[in-house]
Amino acid sequence: MTNNRAPKLINSRHLLRKAVLSTAFVGLTLAVQSPVSAADYQSTSSATFSDTTPSAGDTVTVSGTTSPGAIVVISISGTGGAQTLGVTTADAYGNYTIAVAIPANLASGIYVLGVTADNQQIASTSMTVGGTTASTGTSSGSPSNLPFTGSSSLVLVAAAGALVTAGGVAVGLSRRSAPNPV
């Protein structure tokens, strides 16, 4: 027995609907993808102090890590106010080392040796000048500010919306121009 039926034509409306739905799915998938921003990555700055019980006139070496290229300021503060002891720049990897002199005229007592990077406090330690006992010599500060390296999701959402709208228009036009089946 032979088949006298004509080959079935591809339903263009069905094919168009599948294309629109596929495009909308891809567009929505892209819109949902969230770019990674710097806020997702926090680096902790740190400092190590070579001596936390120096005498007036001694040198203390401060080393640690922070943001690459940051301006690092070492200061000492006590009852008489704050005084900058030294300034350096972190290298391309965020490492820094600086030797600072404790002022020769500094009276014996407890002081705070502070480290700032780009005007943000990153570490501090208690220091006893001319005495005994102090802190451990290492300190970690708050997370450093990293530059924003992500992108806005708004562009992807707008693109997805445009794709869905275009698909809706295409379906609407195909329904108007398609001949009615008999």
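State yes or no: is Thr88 assigned to a strand (DSSP E or B) and hydroxyl-bearing (Ser, Thr, Tyr)?
Details: assigned to a strand (DSSP E or B): yes; hydroxyl-bearing (Ser, Thr, Tyr): yes.
In short, yes.
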Here the residues within segment 112-163 that are in a strand (DSSP E or B) and modelled with pLDDT under 70 are Thr138, Ser139, Ser140, Gly141, Ser142, Pro143
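When only residues in segment 164-182 that are in a helix (DSSP H, G or I) and among the hydrophobic types (A, V, I, L, M, F, W, C) count, which is modelled with the lowest pLDDT?
That would be Leu173.
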I'd like to check something: does segment 56-66 contain any residue that is among the small types (Gly, Ala, Ser), modelled with pLDDT of 90 or more, loosely packed, with under 15 Cβ neighbours inside 10 Å and over 16 Å from Asn105 (Cα atoms)? no
Among (1) touching a residue at least 60 places away in the same chain (Cβ under 8 Å); (2) farther than 13 Å from Ser45 by Cα; (3) hydroxyl-bearing (Ser, Thr, Tyr), there is one condition Thr84 misses while meeting the rest; what is its number? (1)
Would you be able to tell me the number of residues in segment 102-129 that are exposed (fewer than 14 other Cβ atoms within 10 Å of the Cβ) and among the hydrophobic types (A, V, I, L, M, F, W, C)? 3
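Kindly indicate whether any position in segment 37-50 is within 23 Å of Ala104 (Cβ to Cβ), surrounded by 13 or more Cβ atoms within 10 Å (Cβ to Cβ) and at pLDDT 85 or above.
Narrowing segment 37-50 to residues within 23 Å of Ala104 (Cβ to Cβ): 49-50.
This time we only want the ones that are surrounded by 13 or more Cβ atoms within 10 Å (Cβ to Cβ), so: 49-50.
From the residues that got through so far, the ones that are at pLDDT 85 or above too are 49-50.
Scanning segment 37-50 turns up at least one residue that is within 23 Å of Ala104 (Cβ to Cβ), surrounded by 13 or more Cβ atoms within 10 Å (Cβ to Cβ) and at pLDDT 85 or above.
The values are calculated or read from the model by the stated rules, or taken from the named source; none is laboratory data. Note that the coordinates shown come from a computational prediction; the quantities given were computed from them, not determined experimentally. No Cβ is skipped: glycine too gets one built from the backbone with ideal geometry, and neighbour counts run over all protein chains shown.
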